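Since the structure comes first, as structure tokens, the remarks are kept for the end.
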Amino acid sequence: MKELAKAYEPQSVEDRLYAGWLERGDYTADPASPKPKFSIVIPPPNVTGVLTMGHVLNNTIQDILCRHARLQGKEVLWLPGTDHAGLATQVAVEKALRKPDDLPPTVKARLESFHLPADMPLTRQNIGRERLLELIDAWQQDRGGVIIQQLKKLGASCDWKRERFTMDAEYVREVQERFVDLYNQGYMYRGLRMCNWCPATMTAISDEEVVMTPQKSKLYYMRYEIAEEPGRFLEIATTRPETLMGDSGVAVHPNDKRYADLIGKHAVRPFPKTNIPIVGDSYIDMEFGTGVLKVTPAHDKADFDIGRRHNLQIIDVMTPEGKINCPEVPELHGMERFAARKRAAELLDEAGQLIKEEEYENNVGFSERGKVPIEPRLSEQWFLKYPRIDEALDVVTNEDNKLIRFFPAHWEKTYSHWLENIQDWCVSRQTWYGHRLPVWYQKGHTKAQLESPGEGWFQDEDTMDTWASSWLWAYATMDEETRKAFYPTSVLVTGPDIIFLWVARMIVAGLEILPGVTEEQKDNIPFSDVYFTGLIRDGKGRKMSKSLGNSPDPLDLIAKYGADGLRFGLMRIAPQGADIRYDEKQIEEGRNFCNKLWNAARFRAMQGPIDRQADPSQHEQSIFCCDILFQLGELNADVDRAMANYEFNTAASRLYDYVWKSFCSRFLEAAKVDFLDEFSPTRAGTLATFDYVLSHILRLLHPFAPFITEELWTHLDFAEHEGDSIQFATWPSLKFGESPKATRFLEAESVYRLVDQGRILRGQFNIASNKKVKFLLHATEELTEAELRVSASMLNAEAVELVQEKVKHCPVIFTPLGELYLPLEGLVDPAEEIARLEKELTKTEKDIEVTDKKLANKQVIAKAPPEKVQGWRDHAAVLAAKRERLKEQMDFFREQAA
RNA sequence: GGGCGGUUAGCUUAGUGGUAGAGCGCUCGCUUCACACGCGAGAGGUCACUGGUUCGAACCCAGUACCGCCCACCA
């Protein structure tokens, strides 16, 4: 056994372990192993991103689950990987190209190899598809390893040899094959529809990628003349006057008496000037604005529907970039849409048709990536009609046959609500980076297949929504052999923010399109449990985000507190299902906890070599040993229960309390007496207990703090063979009450409480911690010499001496083992002592009052459980006795004073 | 507009029916031979509010307020 460093230095421990342990990857799963299986796929982070606190939380939890499973003897597959994040990546690269000097060297080199004209703006249109994709590849290679390295720093014990990327050739093939399958079954179809168009990125996006944001805008009131009744006007409110040229109708509610006679007549659209029909449609809200809606079928989803109901013309007046396209109105033609809004209002005003402008706040849909308001736009896109929605609902919400369990369960409602109101999924994207649609066209014919059907066929230019590749992640990352053993996966750990984008879709994908692997897996669910983490918020309750700059860099935290400190600190404050209020202090506490454990282990190492097979039951044991062993059983059971329910904070807190309070503050302090006395009869038992308990603590704690536990396991020689990882040790399975029982009736708890009381007494007389004093004890229980020595040691006292009679002339405190006195040899001021006793008496009487009141209530006696009543009675008796003694003591000191 | 969470000491939070617990921070005392990333003591809470159920409510029920999140085609 080597000597442990004097202080715990996380960095030195971690650095050494990365090389010798994480990189070795000997936790790689063996599909052929007969052990029970446990598998997780990592929610793939974007290649472009850096590790955030969210990733830390997420991956810490997964690592905890994996290490726990390994300790339980399971064959564990934790599959790592990254997501190409098509649109997000393309946007990032396009943005980076605006500052070519700051590009990563490899990307820059690639760009230079194109020999583009120096004065050419580096837009994607100028660069071209093939070249842009080359640049993105270079970019991905530059960034790709970064996040993986960061996960390793955190201690993530993934099967790094199996790292996957959503743009790997096999993965791409899988994605396209599934597309073809869905097409062949009629779920994937092409259609001309209103979709969410992002003018910034120039692509359609799905409903889930639209972020509703409250905007301060204006409600413009305008008036249109009635064509059939010159001089009569309709007042119309709109937020978008710039689309006026696209108006092909005006709608009112059919029951609206104000306008009933107008239905069927026409309104005069001011520019370009023409007559448009007035229709009655029950969609209209009579209360809102003027109760009249201008209908612009080409630029609003609701208007599109109204238009379809009444056969209104679809007039597209905007380019894909979001510029006005209406040569008939040269004042607006070519203008950017928001500038055009103002100008259109001015034009109306000039024509005398603008009545007023009102400040107005409404929700506007923004493109998640493009960061601009989306433009509802009619375009030809590929859509997925979701298959098996009922089954997807059933596997999550059917109480009798819940194939997939959500933790916390309340997310089921969110999940159901989405599925019940689901719209077809727009999966095509007019972007270049991503999985190309496996679709071919020729003269009005369409074929979906991987290879070109032949001469004259051309492939669809579009790519797929990133999520249409991610939704296969659990399946497509595994080869067939691996799937047989590890699919479906055991648990998915992710944030609730992607419950629709990813989780729900993965479930649908699993049910419908993933071929069954084995007979047992015929249900085709991708995972059995889903654990939703909370969001991490800053001290002010704001969501942590890059844009706010309020997210600390996890690598800085690791450098400062160690990966274990970060992991443990975070887990201790991460309640199931609730958001986490982040506080660096918590991480510091995690680090301090590791240091505490380190030093407890170091203390043990100072007593001589450990015995890895220590069996406390083979030795004579002190009550302190019995106590810590008994509590170990409770700890083990509590941690097991917490782990089974994904209550990581409970497990972490229990471990924290046990190690710090029960093990260090109590047992270790009591053990010192044995360790200092070579001839103590309980010395061997205490050593054995120490080793036994420490080895259990290391294993129970290992999932949370892998580095320090691995280090101590190895260095203290708990490992059977040189180089054995604690990951493959055996998970403890002590049951509550199974631990060795005390050989004596007296319990350690009583001694510890005696010590607590003694410390309070010391404190009340302001006796410095380093000053040795002597205590007297009038014991009501039998105490051994050794137990008295432990009491004295923990009180930093010369001795705790037994006295046969109760002592009157000393300050007294009441303990479960009798009255404890602090002889101060005439230093006690009677007046002060009377005041001290008075305070105690007041408190005691207040307690008595509460208890008496309860016991005096007949209904309490009648209705409360008898064992409770008996408990209160016993308590009352103790209090009464204490009161008498306090009074006696006070009388004594009053005489002294007199 | 609908749904889901939350509200306990200055901060972070345990606590599913029996006189409120912890850690940090604060005050005081300690370089006590594992640990100052520590040890000991202390101050600090009408458990958001209002009703109800109960012998008894932080806890169960109803409602209110505030905070947060999600969903929704009122121009």
Return the residue satisfying two criteria in turn: it lies in the stretch A:299-331 and is more than 16 Å from RNA strand B (Cβ to nearest atom) and part of a strand (DSSP E or B), and of such residues it is surrounded by the most Cβ atoms within 10 Å (Cβ to Cβ). A:I324
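For the stretch A:879-889, check the following and say yes or no: at least one residue is within 10 Å of RNA strand B (Cβ to nearest atom) and of a type outside the set (F, W, Y).
Residues of the stretch A:879-889 that are within 10 Å of RNA strand B (Cβ to nearest atom), as a first pass: A:879.
Right, trim to of a type outside the set (F, W, Y) and you get A:879.
Scanning the stretch A:879-889 turns up at least one residue that is within 10 Å of RNA strand B (Cβ to nearest atom) and of a type outside the set (F, W, Y).
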Select from the stretch A:118-138 the residues that are in contact (Cβ under 8 Å) with a residue 60 or more places away in the chain and not charged (D, E, K, R) and list them in ascending order. A:L132, A:L133, A:I136
Report, ordered by the first and then the second residue, all pairs with beta carbons closer than 7 Å, sequence separation of six or more or different chains, a first member in the stretch A:602-613 that is more than 13 Å from A:H715 (Cα to Cα), and a second member that is crowded, with 18+ Cβ neighbours inside 10 Å and of a type outside the set (V, I, T). A:F603/A:L668; A:Q607/A:F675; A:Q607/A:L687
Quick one: in the stretch A:332-381, of everything that is of a type in the set (A, V, I, L, M) and part of a loop (DSSP other than H, G, I, E, B), which residue is farthest from A:G191 (Cα to Cα)? A:A351
Options A:E174, A:E208; residue that is among the acidic types (D, E), closer than 28 Å to A:H445 by Cα and crowded, with 18+ Cβ neighbours inside 10 Å: A:E174
I'm checking my understanding of the structure. Among residues of the stretch A:382-410 that are under 28 Å from the mean Cα position of the chain (by Cα) and in a strand (DSSP E or B), which one is surrounded by the fewest Cβ atoms within 10 Å (Cβ to Cβ)? A:R405
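Per-residue answers, yes or no, for (1) in a loop (DSSP other than H, G, I, E, B); (2) modelled with pLDDT of 95 or more; (3) within 16 Å of RNA strand B (Cβ to nearest atom):
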{"residue": "A:E412", "(1), (2), (3)": "no, no, yes"}
{"residue": "A:S416", "(1), (2), (3)": "no, no, yes"}
{"residue": "A:Q423", "(1), (2), (3)": "yes, no, yes"}
{"residue": "A:Y441", "(1), (2), (3)": "no, yes, no"}
{"residue": "A:T446", "(1), (2), (3)": "no, no, no"}
{"residue": "A:S452", "(1), (2), (3)": "yes, no, no"}
{"residue": "A:E455", "(1), (2), (3)": "yes, no, no"}
Selection within the stretch A:475-504 - within 26 Å of A:M188 (Cβ to Cβ) and surrounded by fewer than 24 Cβ atoms within 10 Å (Cβ to Cβ): A:Y475, A:M478, A:D479, A:E480, A:R483, A:P488, A:T494, A:I498, A:I499, A:F500, A:L501, A:W502
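Considering only the stretch A:480-503, I want to know if a residue exists there that is touching a His at 6+ places or on another chain (Cβ under 8 Å) and either modelled with pLDDT of 95 or more or under 16 Å from A:D83 (Cα atoms) (or both). Give the steps one after another, and end with the answer.
The initial filter retains those residues of the stretch A:480-503 that are touching a His at 6+ places or on another chain (Cβ under 8 Å), namely none.
Scanning the stretch A:480-503, I find no residue that is touching a His at 6+ places or on another chain (Cβ under 8 Å) and either modelled with pLDDT of 95 or more or under 16 Å from A:D83 (Cα atoms) (or both), so the answer is no.
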Restricting attention to the stretch A:273-293, report how many residues are within 6 Å of RNA strand B (Cβ to nearest atom) and assigned to a strand (DSSP E or B). 1
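Determine whether A:R429 is modelled with pLDDT under 90 and closer than 30 Å to A:D181 by Cα. Talk me through it step by step, then tell me what you get.
Working: modelled with pLDDT under 90: no; closer than 30 Å to A:D181 by Cα: yes.
Criteria not met by A:R429.
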When (1) buried (at least 16 other Cβ atoms within 10 Å of the Cβ); (2) at pLDDT 75 or above are applied to A:I513, the one that fails is (2)
Looking at (1) modelled with pLDDT under 90; (2) within 11 Å of RNA strand B (Cβ to nearest atom); (3) in contact with a helix residue (DSSP H, G or I) (Cβ under 8 Å, 6 or more places away or on another chain), find the lone condition where A:H809 falls short. (2)
Of everything in the stretch A:246-272, what is basic (K, R), in a loop (DSSP other than H, G, I, E, B) and within 15 Å of RNA strand B (Cβ to nearest atom)? Give them in sequence order. A:K257, A:R258
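The values are calculated or read from the model by the stated rules, or taken from the named source; none is laboratory data. Worth saying up front: this structure is predicted, and the values here are computed from it rather than measured. Reconstructed Cβ throughout: ideal geometry from the backbone, glycine too, with neighbour counts over all protein chains shown.
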